[in-house]
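See below for the structure under consideration.
The values are calculated or read from the model by the stated rules, or taken from the named source; none is laboratory data. If you're wondering where the values come from, they're calculated on a predicted model, not measured in any experiment. Heads up, the Cβs are rebuilt from the backbone with ideal geometry, glycines too, and the neighbour counts pull from every protein chain shown. With ligands, DNA and RNA removed, areas are computed over all heavy atoms of the protein, side chains included. Shrake-Rupley method; radii C 1.70, N 1.55, O 1.52, S 1.80 Å.
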Amino acid sequence: MSVKDPVCGMPLEPSKTQFTANFLSRQYYFDSEYCLSSFIEGTKIAYFSMEIGINTDMHTYSGGLGVLAGDVIRSSADLKIPLVALTLFSKKGFLKQKLTPDGWQMEFPNEWDPSKFMKLLPETVTVKIEGRDVRIGVWVYEQESLTGGTIPVLFLTTDIEGNVQEDKEITDFLYGGDEKYRLKQEIVLGIGGLRILDALKINVKKYHMNEGHSSLLTLELLKNSNLNADKVKNRCVFTTHTPVAAAFDKFSYDLVSEVLESEVPEEILKEFGGSDRLNMTLLALNLSKYTNGVTEAHMEYSRKLFPGYHIQEITNGVHSYTWTCLHFRKLFDKYIPRWANEPELLVRVDTIPEEELWEAHVKAKQDLLDFVHNSSGVQMDIDALTLGFARRATEYKRATMIFSDLDKLKEVKSQGKIQFIFAGKAHPKDELGKNLIKDIFAFKDRLKGEVEIVYLENYNMEMAGKLTSGVDVWLNTPMPPYEASGTSGMKAAHNGVINFSVLDGWWIEGCVEGLTGWAIGPFPDQVSDEQERRKREISDLYNKLEFLIIPKFYQQRDDWIDLMKNSIGKVAYYFNTHRMMQRYATDAYL
Ligand SMILES: *Cc1c(COP(=O)(O)O)cnc(C)c1O
C-alpha cells in the first residue's frame, strides 16, 4: 500500500520510508527531512468557525456558513495549504426537523457519534467561565485529499470528565440556548481554541476568524502580547459574512463580566469591542490587519456599516468535486481531465458533446426524483420543468415569493408543466421562518392537481447535493441586501443547473442575463424605491418563467443545453473554493 507525503505529494512505500512522524491523531510519512519538519514545525493558518460542514452525518453545521467552512477545508487539503481548523463539537447538532401534515416544524436533538469519524486526543486545556474552571477536550478529524494533503479539524468539547453537568452541555447545541449560552460557546471556541493550539504546540502564523463568533481569541492574543494591539492585528484575518448591523453578535458588558474572566482591562475591551455592548464583529475588525467581505456587494455594504475601515473582498465559492454529482464527475473526467483540482479548466466545457451532457443531467434528475419518491411518496414527472428552492427557512429568503399571485402562476403553467421541490429548516426561535414552511404547505394544497409541490424534511448536505444537481432551475429570491453571498446556486452551476435569482450576493457577479441564467428584478443600484423593486421582481419572476424559461426548456432544447454549458464554463469555473483559497493565500495569509 502506498501513501503520499502530505507536503510534496510524493507517493511513498511506508515500509521503505525513513522519515516518519506522529502528528495529532496519526502517523505520516515523508520523502525528506525538509517535508517532515515543514509539516510538523512549519507555520500554519488556524481557521476558526462556529460551524463546519465536513460530512452530512457529522451534525456540526446549520447552513451556508458551515458548508463554506467545510469547502475551505476540502480545498485546502487538495491544494496542500498548511491549515488547521477549529470548531465546536456540537454533540446534539443544530436540530432534526420533522414536519406535521400541515407543515408545522418540530425539532429534535440531532445527536451523532464522534467515535465513528475521529479520535479524542489526550490533551485538555481549561478556561474560566462564570468563575469555574471548565475543561476542554478535543476530537480530531483528518480531511485527506487524493493529492496527499491533509487538514486536521479540531472539534472542541466540554463533555469530558471533571466538568459539572451544566458545563458539559456547553458544546451540545449549535446556535442553541440563550445569549449566555452563546457567550460561553464563544469563550470555548475563541479562548479555548487558542489554548488548545498552544497545548498541541502548533506553530500558528495567522488566526483566521470565519465570522465574528471566534473573535474572543483576540483577547487571549492581547494578553499574551502585553496588550500590544499591533502585534495582534498582524496575526489576525477576519471574514465577515453579515450584511446588516442587526445580525451582529452583541453581548451586554454586564453579561460579559458575569461569564468571562479576562485579564484584558475593561476599558481596552470597550476600546476595541464597542462602548455600549461587546460587538463581536467590531472586535474582530479592530484587531485584524486583513478583513474581507464575501462578495463585491457585501464589501460595499460592510464599508458603509464601518466607515474608515479597510475592508476588502474575496468572493465565495464551493468545493467543485464535492458539489458535482456522480454523473457530471464522470463526464468531466472523460472530457476535462484534472478539472477536480483545477476547476478553472471547466472553461473548456464546450468539448463535451451535447447529448452526453443532457444524458448526465437526466440521470441526476432521475436520482433526485427517486430520492423524492422514497422520502415523500410523491412521484414527480421526469419530463416536467423542475424548480428547486432549498435553504434555511428564514424571512429574508422569501421562500413563498413564487406564490405571490396564484392566478398568474396558473397562467404561467399553461405554457408548460412546472413542478417545485422545497426544503429547509427554521431556527427553533424563528417563528416567521416556521410560518413560511406552513405557508408553503398551504399553497401546496391550494395548487393541488395543477402544480406539484413537495417539501422535503430535514435539509442537510446530502440533500443539498441531490437537489442542486437534479433540478432544472435553481430558484433564489432573497431580499437585498441580506444575502451576503449565498452558495447553493454555485453548486447548481457545477451540475449544469440554471440559476434564476434575485440580484443579491454572488449572483450580481455571476449573472449575465440570458447567457448564464436569468435575473429576478433589477441590479441594486438601478432602483432605490423598495415598492418599485418588489414590483419588478414579481413581474420578472412570472414573465421570464412564462416567456423565456418554459419555452426554452420545452421547445429549444439546444439553447437550453448552451445555457447549461455556460453555467459550468462561465460560472462554476470561477465560483469555487480552489480559486477562493488561492486568493486567501496570496491576499491574507502570506
Ligand atoms: C450550500 C448549503 C447551504 C447554503 O445555501 P444558500 O442558499 O446559499 O444559503 C445551506 N445549507 C446546506 C445544507 C447547504 O448544503
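Ignoring lysines fewer than eight residues from residue 491 along the same chain, the ones with Cα atoms less than 16 angstrom from its Cα are 365, 466, 565, 570. Calculated [222 nm] ellipticity per residue, helices only, for the chain: -10000 deg cm²/dmol; basis is -39500 (n - 2.57) per DSSP H run with n ≥ 4, divided by all residues, nearest 500. As a calculated quantity, the FRET efficiency between residue 512 and residue 258 at R0 = 60 Å, using C-beta atoms, amounts to about 0.65. With θ taken as phi - 60° and the Karplus curve 6.51 cos²θ - 1.76 cosθ + 1.60 applied, the whole-hertz 3J(HN,Hα) list for the stretch 570-579 is 10, 10, 4, 4, 9, 7, 9, 7, 5, 4 Hz, x standing for glycine and proline.
The residue list 388, 79, 401 was ranked by how far each Cα lies along the charge dipole of the chain toward its positive end, using unit charges on Cβ atoms, and 79 comes out on top. The residues 99, 278, sorted by heavy-atom accessible surface at 1.4 Å with ligands and nucleic acids left out, run 99, 278 from largest to smallest. Using only side-chain charges placed at the Cβ, +1 for Lys and Arg and -1 for Asp and Glu, the dipole size of the stretch 1-41 relative to its Cα centre rounds to 160 debye. Of the options 470, 580, 507, report the single residue whose Cα projects farthest towards the positive end of the charge dipole of the chain (beta-carbon charges: Lys, Arg +1; Asp, Glu -1). So the residue furthest toward the plus end is 580. Each Lys and Arg Cβ is given +1 and each Asp and Glu Cβ -1; about its Cα centre, the chain then shows a dipole of about 500 debye. Over all pairs of different C-alpha atoms, the chain has a mean inverse distance whose reciprocal, the Kirkwood radius, equals 24.9 Å. If you sort the three axes of the alpha carbon gyration tensor as a ≥ b ≥ c, you get a/c of 1.5 or more for the stretch 382-429 and a/b no higher than b/c, which makes it oblate. Once both labels are positioned 7 Å from their Cα atoms along Cα-to-Cβ, the gap between residue 446 and residue 25 label points is 5.0 nm. Ranked by the mean number of other Cβ atoms within 10 Å of their residues, highest first, the peptides 164-175, 8-19 fall in the order 164-175, 8-19.
Can you work out the accessible area per residue across the chain, with the rest of the protein chains kept in place, probe 1.4 Å, in square angstrom? The partial results should precede the final answer.
Numbers: 23020 Å² over 590 residues.
Value returned for the chain: 39 Å² of accessible area per residue.
Given Cβ point charges of +1 (Lys, Arg) and -1 (Asp, Glu) and nothing else, what value in debye, to the nearest 20, does the dipole of the stretch 335-574 about its Cα centre take? Show your work: numbers first, answer last.
On the way: 30 positive and 38 negative charges, 119 e Å.
With Lys and Arg at +1 and Asp and Glu at -1, about 580 debye.
Here's how it looks for residue 47: its modeled amide H is under 5 Å from those of 84, 85, 86, 208, which are all 5 or more places away or on a different chain. Computing FRET efficiency as 1/(1 + (r/R0)^6) for residue 404 and residue 267, where r is the C-beta to C-beta distance and R0 is 56 Å, gives about 0.60. Taking amide H as placed 1.01 Å from N in the peptide plane, residue 576 has its amide H under 5 Å from the amide H of 318, each at least 5 places away in sequence or on another chain.
Our coupling estimate for the stretch 66-79, obtained by passing each phi through the Karplus curve with A = 6.51, B = -1.76, C = 1.60 and θ = phi - 60°, is x, 5, 4, 4, x, 5, 4, 5, 5, 5, 5, 5, 4, 8 Hz, Gly and Pro reported as x.
Computed 3J(HN,Hα) for the stretch 5-13, one whole-Hz value per residue from the Karplus formula 6.51 cos²θ - 1.76 cosθ + 1.60 where θ = phi - 60°, is 5, x, 9, 9, x, 4, x, 9, 9, glycine and proline marked x.
Only protein heavy atoms count here; on that basis, with a 1.4 Å probe, residue 207 has an accessible area of about 10 Å². Using a 1.4 angstrom probe on heavy atoms only, work out the carbon and sulfur share of the accessible area of the chain in %. So the carbon and sulfur contribution to the accessible surface is 48 percent. Take 47-57, 392-402 and order them by the average number of nearby Cβ atoms within 10 Å per residue, most first; the result is 47-57, 392-402.
Taking all protein chains together and a probe of 1.4 Å, list 579, 533 from the most accessible to the least accessible. Please report the intermediate quantities before stating the final value.
On the way: 579 40, 533 20 Å².
Order by accessible area, largest first: 579, 533.
Going by a ≥ b ≥ c, the root eigenvalues of the Cα gyration tensor, does the stretch 335-574 fall in the rounded group (a/c under 1.5), the prolate group (a/b larger than b/c) or the oblate group? Rounded, because the longest to shortest axis ratio a/c is under 1.5. Taking 16 Å as the cut-off, the amide N atoms of the stretch 396-436 that come nearer than this to a point 7 Å along the Cα-to-beta-carbon line of residue 457 belong to 422-426.
For the stretch 164-305, what class follows from the C-alpha gyration tensor (a ≥ b ≥ c being the square roots of its eigenvalues): rounded when a/c is under 1.5, otherwise prolate if a/b is larger than b/c, else oblate? Walk me through the intermediate numbers first.
Values: a/c = 1.39, a/b = 1.15, b/c = 1.21.
Note, shape of the stretch 164-305 comes out rounded.
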